[in-house]
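Notes follow once the structure below has been shown.
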Amino acid sequence: MKQRICKNIAIVLAGGNGSRMMRDIPKQYMNICEKPVLSYSLQTFNDSALIDGIIIVAADPEDERLERIVSDAHCSKNVQIAHAGDFRYESVNNALQIISTGLGELYASDGLVFVHDSARACITTEMIARLYDDAKKYGSAVASVPSKDTVKISSPDNYVISTPDRDRVHIIQTPQVFETAALIEAYNKMISDADRGNITDDAMVMENYSSVRVHLSEGDYTNIKLTTPEDITFVERILLARKQ
């Protein structure tokens, strides 16, 4: 039987070392509520009826911890593993190269790519559905929430330059969703640009290397990123509340 071609693909980034977490193991392998951090986003994408395939980006694709997480998830979707790069954009590009190689055989060019940080363990299938609907409507969908705080733009020596209107300031999250062909094309242009500068997320790649407008879609304040030890308590509370 011919394998179904994956149209909507989730790229789950799990290649960081999590140095700011100050733990002996990378944060994607840390246990939160008795499960590794990575397992939450992996399970959520697997549970979404909108996702056909998953590519996990890891520093060591043969890491026994990764193999165990994938095995325990009992994924019904096609799951592949990509090598992480030194920078986030390199990790995403490595996953996109797998998609490019499999176009027409395993992956479709007319679908959507959801790029997600595994450190955001509180992602939900409802959020995936919202972003999917917006991406189909607007051509892109980046999870975000309005800033609750006043934001200052500073000079290199920490003097205030300006204060943007808080109503126009958004905190960016993941997933970030783009049409497959457009994202691959933008990444190819970015990788070939020696003067690309500091690229911090996929929206920035599209802003600089594509004509596609980046649409800010509704994220969730609970969709926080595990970055420092203080974040662990918040994530545990969210996950425990959902269990109850």
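The values are calculated or read from the model by the stated rules, or taken from the named source; none is laboratory data. This structure is a prediction, so every number in the text was calculated from the model and none was measured. Glycine also receives a Cβ, built like all others from the backbone with ideal geometry; neighbour counts cover every protein chain displayed. Quick note on the areas: whole protein, heavy atoms, side chains included, nothing else; ligands and nucleic acids left out. Shrake-Rupley method; radii C 1.70, N 1.55, O 1.52, S 1.80 Å.
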Which residue pairs have Cβ atoms under 6 Å apart, sit 6 or more places apart or on different chains, and have a first residue in the range 109-123 that is closer than 13 Å to Thr222 by Cα and a second that is among the basic types (Lys, Arg) and surrounded by 24 or more Cβ atoms within 10 Å (Cβ to Cβ)? Ala119/Lys27
Listed residues Ser91, Ser39, Ser71; which is assigned to a helix (DSSP H, G or I), open to solvent by less than 40 Å² (accessible area, probe 1.4 Å) and farther than 30 Å from Ala182 by Cβ? Ser39
For residues that are part of a helix (DSSP H, G or I) and of a type outside the set (A, V, I, L, M), scanning just the range 7-36, find the one that is nearest to the chain's Cα centre (by Cα). Gln28
Inside the range 113-141, can you point out the residues that are part of a strand (DSSP E or B) and more than 22 Å from Ala84 (Cβ to Cβ)? Ser140, Ala141
Across (1) open to solvent by 30 Å² or more (accessible area, probe 1.4 Å); (2) under 28 Å from Val37 (Cβ atoms); (3) assigned to a loop (DSSP other than H, G, I, E, B), Asp157 clears everything bar (2)
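Quick one: is Thr227 part of a loop (DSSP other than H, G, I, E, B), open to solvent by less than 40 Å² (accessible area, probe 1.4 Å), more than 15 Å from Asn93 (Cα to Cα) and β-branched (Val, Ile, Thr)?
Against the criterion (part of a loop (DSSP other than H, G, I, E, B), open to solvent by less than 40 Å² (accessible area, probe 1.4 Å), more than 15 Å from Asn93 (Cα to Cα) and β-branched (Val, Ile, Thr)), Thr227 qualifies.
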Yes or no: the range 152-164 includes at least one residue that is in contact with a strand residue (DSSP E or B) (Cβ under 7 Å, 6 or more places away or on another chain) and touching a residue at least 40 places away in the same chain (Cβ under 8 Å). no
